[in-house]
Amino acid sequence: MSATTMTGNPLGMILALGAAVVASAALAPRPTRGGDSASAAEELGRRLRELGRPIDPVVPPMPDRSPRAEGEPAPRKRDGCGDPRTICVAPGTILGSDVAGTWGNVAEDLIQKDFCRVLNRDCVEGVDVYFDESERADLLTLGLVRHNPHLHGRETELRKRVRSQSRPDIVSFAPPREYYEIKPLSLSGVPAGGGKLTQIAGLMADFRLPYGPGTAYNPKHTIPLGRSITVSGCPFQVDLKPTLATPGLLVYQICITGPWGVFGQGSVIVNLARIHKTIAETIKGAR
């Protein structure tokens, strides 16, 4: 999506996202726990069209449902700064590809930790859970074989398959046995997530594995980076907003809460670009 489209009509991104999701809904994997694939595709489109709404800059601030009470509070009104409100966008909307890629790593790490917190899990990798990283692909093979004895003798075949990127970002070996893929809520991230879920579903079917698209982790909150940033003397909080878009697919946005009025008149994309450098430094610092 171009900056011109966002600047001229912020609602255009929402409408374009909805159209792209409908067009890519065919990439959604066939449900492995019953249900009709066409209805699953329609549900994916509906949910993701709804998720696009926070991008609209005229909406009121989102309800604060984050676990900030356990850490740093969200920015509050400071004299001369105005009232804070929240705007959420996909990382690629405002950041360069290098920084957006870094944010992808940060997002996966934060979501994986929140998964453990929300579900009250020990998250011992290879024992009750697997978190994906390219250099740890063999750990998924070991975990699957450990929990599924019928795979003995097929280790080499399985290892080759999981090394070829047919790996979820999260696999829960403990009940409920399920998996999740993590992608940005963007025009490229959504269809990529649908395609990845199709690959994963094929892996599960080919090796007769009992894991289905995840639903137990269904976050309704934002995840703070742990500290606020200051722009023009006013505080801004940068959070991650994960959402279960459809079973097995977790999408995320960057949510920035602060007194946007300090920038004066101007489009959302221009204001976001003006704090690009500070956001990038905050993202890199989160690692």
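Checking each residue in the range 158-185 for being open to solvent by 20 Å² or more (accessible area, probe 1.4 Å) and in contact (Cβ under 8 Å) with a residue 60 or more places away in the chain picks out LYS183, PRO184.
Here ASP79 meets the list (1) within 30 Å of ILE229 (Cα to Cα); (2) open to solvent by 10 Å² or more (accessible area, probe 1.4 Å); (3) of a type outside the set (Phe, Trp, Tyr); (4) modelled with pLDDT of 80 or more almost entirely, failing just condition (4). The residues listed here are LEU249, LEU209, LEU244; of these, the one that is in contact with a Pro (Cβ under 8 Å, 6 or more places away or on another chain) and over 17 Å from VAL89 (Cα atoms) is LEU249. Looking across the range 208-262, the residues that are at pLDDT below 85 and assigned to a loop (DSSP other than H, G, I, E, B) come down to SER232, GLY233.
Name the residues in the range 113-157 that are free of Cβ contacts under 8 Å to residues at least 60 places away in the same chain, among the polar types (S, T, N, Q) and open to solvent by less than 20 Å² (accessible area, probe 1.4 Å), would you?
From the range 113-157, those free of Cβ contacts under 8 Å to residues at least 60 places away in the same chain are 113, 116-117, 120-143, 145-147, 149-157; that's our starting set.
Of the ones still in play, those that are also among the polar types (S, T, N, Q) are 120, 134, 141, 156.
Listed by number, the list holds a single entry, THR141.
Given the range 84-189, what helices (runs of 4 or more DSSP H) lie entirely inside it while holding 1 or more residues that are modelled with pLDDT of 90 or more, out of contact with any Asp or Glu (no Cβ under 8 Å at 6 or more places or on another chain) and of a type outside the set (Lys, Arg)?
On the way: elements: 91-94, 97-118, 137-147, 155-163.
Answer list for the range 84-189: 97-118, 137-147, 155-163.
The values are calculated or read from the model by the stated rules, or taken from the named source; none is laboratory data. Note that the structure is predicted; figures quoted are calculated from it, not measured. So basically every Cβ, Gly included, is an ideal-geometry build from the backbone, and we count neighbours across all protein chains shown. Keep in mind that these areas ignore ligands, DNA and RNA; they rest on the heavy atoms of the full protein, side chains included. Shrake-Rupley method; radii C 1.70, N 1.55, O 1.52, S 1.80 Å.
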